[in-house]
Amino acid sequence: MQDLPPNNSLWADGYKQSGKQAEFSNSYDVAIIGGGFSGLWSAYHLLELDPKLSIVIFEAKSLGYGASGRNGGWVSSDYPVYRKTLEKRHGIYSTNNLFKALFSAIDEIGQIAGQIAPKASFVKSGTLMFARNKAQEKRLKESADSEHIWKSAGEIGELIKVSKLRGGLFNPQCATVDPFQLVLGLARYLRRRGVVIAEGVFATHTDRGVLANSSLVKAPIVIRASEA
């Protein structure tokens, strides 16, 4: 299947790139490789720490081209390891701190999205995992904790109709979002703050900075943010 510009993401449907490549200088305080959430959020928080920083972001294709613009559209605090397992491995104190940070991040993303990316339609509505057979019911009940609340079939049935419903877990610390609009909102905000975002520029990390389309860009700090 041919990949149509800017990408084949449902979220990006109807979006048209300007086609104009941003000019960049040969020296910055910070160079970031990757125009997805990892790179954009890194630039955002660096500016919060020091507004005087000169920052450039290099993206080989277009903003949100990878997983940041092609995901399911949710902001989740669900951790891929059960809380009970984390407590056994790392203790209750560290586990509590982890979940506090996750919950705080959900609310922070919502607050920022409301200010700079209202079209991202951030809604903190929670996540529901439901059971339709005995094995699923047993597994979900065993994984219930203070963040994942067991709900009866009757309670869930008031929210959504599911055949053979036996109950499920509800996590209120999750949200829905249009990820591509959040990417665009972050990018607009960063550009207003003076961050240079260069799309269509292939960049590699070197010992002196970044090689961007065969041009050396010096930067004492280089962040490789090419994963989402």
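The values are calculated or read from the model by the stated rules, or taken from the named source; none is laboratory data. Bear in mind the structure is a predicted one, so any value in this text is a computation, not a measurement. Methodologically, a virtual Cβ is constructed for each residue, glycine included, from the backbone with ideal geometry; neighbour enumeration extends over all protein chains shown.
Structure data summary
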item: The listed residue being within 17 Å of the chain's Cα centre (by Cα) and either among the polar types (S, T, N, Q) or modelled with pLDDT under 95 (or both), out of 60, 144, 67; result: 67
item: Residues that are among the hydrophobic types (A, V, I, L, M, F, W, C) and exposed (fewer than 11 other Cβ atoms within 10 Å of the Cβ), drawn from segment 102-137; result: 135
item: Test: residue in segment 159-182 that is more than 18 Å from residue 56 (Cβ to Cβ) and touching a Pro at 6+ places or on another chain (Cβ under 6 Å); result: no
item: Residue list for segment 206-223, filter: in contact (Cβ under 8 Å) with a residue 24 or more places away in the chain and part of a loop (DSSP other than H, G, I, E, B); result: 219, 220
item: Meets criteria (at pLDDT 95 or above and aliphatic (A, V, I, L, M)) for residue 49; result: yes
item: Residue identified as modelled with pLDDT under 95 and touching a Gly at 6+ places or on another chain (Cβ under 9 Å) among 31, 12; result: 12
item: Residue, farthest from residue 21 (Cα to Cα), within segment 186-211, restricted to residues that are of a type in the set (Gly, Ala, Ser) and surrounded by fewer than 21 Cβ atoms within 10 Å (Cβ to Cβ); result: 209
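For every residue, the table says whether it meets (1) without any contact (Cβ under 8 Å) to a residue 12 or more places away in the chain; (2) touching a Cys at 6+ places or on another chain (Cβ under 9 Å); (3) of a type outside the set (S, T, N, Q).
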| site | (1), (2), (3) |
| --- | --- |
| 100 | yes, no, yes |
| 125 | no, yes, no |
| 133 | no, no, no |
| 147 | no, no, yes |
| 161 | yes, no, yes |
